[in-house]
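A.B. asks: Below is one structure. I have some questions about it.
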Amino acid sequence: MTRFAAALAAAAMTAPAAADPEDVWLYNWSGYIAPETVESFQEATGTRIILDTYGEADEAEARLIARGTGYDLAVAASETVGRLVEAGALQEISLASIPNAAAIDDELMEMFLASAPQAKGYAVPYLWGTTGIVFDRSAVLERLPDAPLDSWALVFDPANARELADCGITIVNSVEEVVAAALAYLGLDPQSHSAQDLEAAFGVLSSIAPYVRSFDSDQYDALLDEEICLAITWSTDGLAPLLEEDSDRYHYVIPKEGANLWADLFVIPSDAGDTAAANRLIDYVLRPDMMAQATVYTNATNSVPSSHQTISGSKYDLPAIAMPQELRSRLYFVNPRSGEEKRDLDRRWRLLQIGL
């Protein structure tokens with residue numbers, strides 16, 4: 001999921017045989033590791049991070065399944081990890097080599113493993129977030145004085161979407177997450193694989209598609225530039241105007257019907273060349289001070305609760321980052337789908353986007 005675009009450049013990949021033994025090759029979302037973390041790891045260990053980045057979870061999944069990448073370590077979206085394990089694209093991770101993993105948030109990890117049990121032993125959590133709604137409060141209330149600001153109905157009710165279309169609606173380009181949100185809106189199980197339920201969810205999405213400006217995985221700039229008034233988006237993007245611009249124009253909400261909880265997790269490709277270097281990098285990033293840097297840099301919830309006391313600024317106490325217990329009870333993970341199920345969703349998603 002590109003959680004948001006940033007200026008951290010990706011190094012061009014070369015053949016695995018060309019790798020320097022003092023390098024660790026990391027495959028990650030664009031703009032998803034703090035430059036200070038990269039620099040301090042290199043200074044502390046003498047190991048250089050060579051970074052290659054991606055902008056879509058599907059892109060990363062396909063590349064890891066194809067293998068032969070030369071990556072020592074990758075960050076994978078939670079909805080893809082189960083399929084990666086089943087495809088034999090990952091190797092098990094030895095937690096004995098990652099002592100800082102003992103400090104991760106066990107409750108969030110158990111929530112993830114309950115939805116993807118096949119991922120047990122193959123993934124270490126890095127960052128967490130939600131998929132919710134960000135909106136320009138004044139623009140929305142100008143058009144919809146009685147708008148349901150705490151509900152998916154704000155965008156999934158076609159009458160509301162029609163009124164908001166002129167000021168700009170975007171939807172994150174992530175079919176599994178958006179379908180789950182539509183199911184939650186309908187009062188159905190957001191983790192359902194039922195053909196009938198999926199038909200109902202796509203019916204909702206088809207009804208609002210004419211009013212959607214774009215299905216876009218990089219909504220970060222549009223939000224900061226105030227080009228849209230509403231988006232279904234990842235919390236890392238949705239919180240950007242609040243945290244980075246210190247503006248109260250936009251509000252990020254997790255709808256009352258429930259919302260997707262996502263995780264980005266460290267995984268080691270099955271053909272990784274240097275697992276020792278990968279373990280060192282995971283362990284370093286999981287230090288509380290590095291996790292604090294990750295939250296400030298990405299707007300995500302990090303995996304180490306003890307890091308929160310080192311993050312300065314009350315704005316990082318927002319529920320979407322702090323994830324208090326009452327919020328967690330309304331969150332769900334997207335259940336892993338088989339490759340065939342995912343291909344069917346992708347086909348229907350593409351047809352939806354082109355109006356068919």
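The values are calculated or read from the model by the stated rules, or taken from the named source; none is laboratory data. The shown structure was predicted, so the numbers you read here are calculated from the model rather than taken from an experiment. Cβ coordinates were reconstructed from backbone atoms using ideal geometry, including for glycine residues, and neighbour counts include every protein chain displayed. Side chains are part of the model used for accessible areas, which takes the heavy atoms of the whole protein and leaves out ligands, DNA and RNA. Shrake-Rupley method; radii C 1.70, N 1.55, O 1.52, S 1.80 Å.
A.B. asks: Looking at the range 106-134 only, could you name the residues that are closer than 21 Å to R287 by Cα and aromatic (F, W, Y)?
C.D. replies: Initially, the range 106-134 is screened for residues closer than 21 Å to R287 by Cα, giving 106-110, 121-129.
Those that are closer than 21 Å to R287 by Cα and aromatic (F, W, Y): Y122, Y126, W128.
A.B. asks: Hey, can you tell me all the residues within the range 155-168 that are crowded, with 23+ Cβ neighbours inside 10 Å and in contact (Cβ under 8 Å) with a residue 60 or more places away in the chain?
C.D. replies: If the condition is that a residue be crowded, with 23+ Cβ neighbours inside 10 Å and in contact (Cβ under 8 Å) with a residue 60 or more places away in the chain, then V155, L164 are the ones that fit.
A.B. asks: Same structure, new question: Hey, can you tell me all the residues within the range 165-174 that are closer than 8 Å to L230 by Cα and among the aliphatic types (A, V, I, L, M)?
C.D. replies: Listed by number, the list holds a single entry, I169.
A.B. asks: Would you confirm, using the coordinates I've provided, whether P255 is surrounded by fewer than 18 Cβ atoms within 10 Å (Cβ to Cβ) and either farther than 30 Å from D189 by Cα or not aliphatic (A, V, I, L, M) (or both)?
C.D. replies: Criteria not met by P255.
A.B. asks: Okay, moving on. Within the range 180-202, how many residues are more than 16 Å from N160 (Cα to Cα) and surrounded by fewer than 22 Cβ atoms within 10 Å (Cβ to Cβ)?
C.D. replies: 14
A.B. asks: Looking only at the range 314-351, filter to residues that are aromatic (F, W, Y) and farther than 19 Å from A62 by Cβ; which one of those is least open to solvent (accessible area, probe 1.4 Å)?
C.D. replies: By that ranking, first place goes to F333.
A.B. asks: Against the condition open to solvent by less than 40 Å² (accessible area, probe 1.4 Å), touching a residue at least 40 places away in the same chain (Cβ under 8 Å), more than 15 Å from the chain's Cα centre (by Cα) and farther than 22 Å from L183 by Cβ, how does L281 come out, does it pass?
C.D. replies: yes
A.B. asks: Given the options E43, E36, E59, name the one that is assigned to a helix (DSSP H, G or I), within 23 Å of Y220 (Cα to Cα), open to solvent by 40 Å² or more (accessible area, probe 1.4 Å) and without any contact (Cβ under 8 Å) to a residue 60 or more places away in the chain.
C.D. replies: Residue meeting the stated conditions: E59.
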